[in-house]
């Protein structure tokens with residue numbers, strides 16, 4: 001009879017080993033998901049910053065294109081680094097585009113006899129974080145000699161921006177301008 005009186009054992013619940021293994025597996029899954037979320041967030045911020053830089057450069061290059069397309073004469077220019085510039089006649093006024101430090105500026109309404117750049121305070125900022133700015137003047141396939149504006153066929157503009165993320169290389173934008181009021 002004692003055999004019949006044996007207690008029935010309860011097999012409900014988890015053992016300690018099962019709980020530990022479950023927690024380890026959940027921890028691994030959470031860490032993998034966390035790395036995926038962080039990578040996705042970094043990609044989002046990088047794409048957002050690149051879009052912002054592309055929009056800024058597009059606005060600056062469009063303005064440069066418009067200004068140089070309408071030029072009627074080039075008064076003076078400096079093509080060498082660190083701060084190249086161009087002073088030119090625009091219908092009705094004298095203007096300049098210059099890199100001063102790491103900022104590309106547009107100087108409007110210069111005096112008729114002005115051949116030097118004024119103070120940067122008298123300008124509008126086209127774009128900041130500029131690493132390099134270059135203007136190349138062409139007479140057909142040859143460099144423009146600079147003596148007859150009628151021979152100027154195009155101006156090649158190159159603008160390199162410093163990317164805020166130091167792991168990413170600098171961004172370079174190019175533009176060909178074909179002056180029409182020469």
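Annotations
- Filter result for residue 97 (part of a strand (DSSP E or B) and either touching a residue at least 60 places away in the same chain (Cβ under 8 Å) or crowded, with 19+ Cβ neighbours inside 10 Å (or both)): yes
- The requirement of being in contact (Cβ under 8 Å) with a residue 40 or more places away in the chain and either within 21 Å of the chain's Cα centre (by Cα) or exposed (fewer than 12 other Cβ atoms within 10 Å of the Cβ) (or both) is not satisfied by residue 33.
- For region 43-55, the condition of being crowded, with 17+ Cβ neighbours inside 10 Å, touching a residue at least 60 places away in the same chain (Cβ under 8 Å) and either in contact with a strand residue (DSSP E or B) (Cβ under 8 Å, 6 or more places away or on another chain) or closer than 15 Å to residue 127 by Cβ (or both) holds for at least one residue.
- Test: residue in region 75-88 that is out of contact with any helix residue (DSSP H, G or I) (no Cβ under 8 Å at 6 or more places or on another chain), in contact (Cβ under 8 Å) with a residue 60 or more places away in the chain, surrounded by 12 or more Cβ atoms within 10 Å (Cβ to Cβ) and within 22 Å of residue 150 (Cβ to Cβ): yes
- Region 109-134, residues that are modelled with pLDDT of 90 or more and surrounded by fewer than 19 Cβ atoms within 10 Å (Cβ to Cβ): 124, 125, 128, 129, 131, 132, 134
- Counting the residues of region 89-123 that are touching a helix residue (DSSP H, G or I) at 6+ places or on another chain (Cβ under 9 Å) and over 15 Å from residue 66 (Cα atoms) gives 7.
- Residue in region 112-127 that is part of a loop (DSSP other than H, G, I, E, B), out of contact with any strand residue (DSSP E or B) (no Cβ under 8 Å at 6 or more places or on another chain), under 21 Å from residue 63 (Cβ atoms) and touching a residue at least 24 places away in the same chain (Cβ under 8 Å) present: no
- The listed residues are 150, 146, and the only one of them that is on the phi > 0 side of the Ramachandran plot and touching a residue at least 24 places away in the same chain (Cβ under 8 Å) turns out to be 146.
- Taking the criterion of being under 24 Å from residue 82 (Cβ atoms), outside any strand (DSSP E or B) and more than 13 Å from the chain's Cα centre (by Cα), the residues of region 128-174 that qualify are 144, 146.
The values are calculated or read from the model by the stated rules, or taken from the named source; none is laboratory data. Computed from a predicted structure; not experimentally measured. We place every Cβ from the backbone using ideal geometry, glycine too, and count neighbours over all the protein chains shown.
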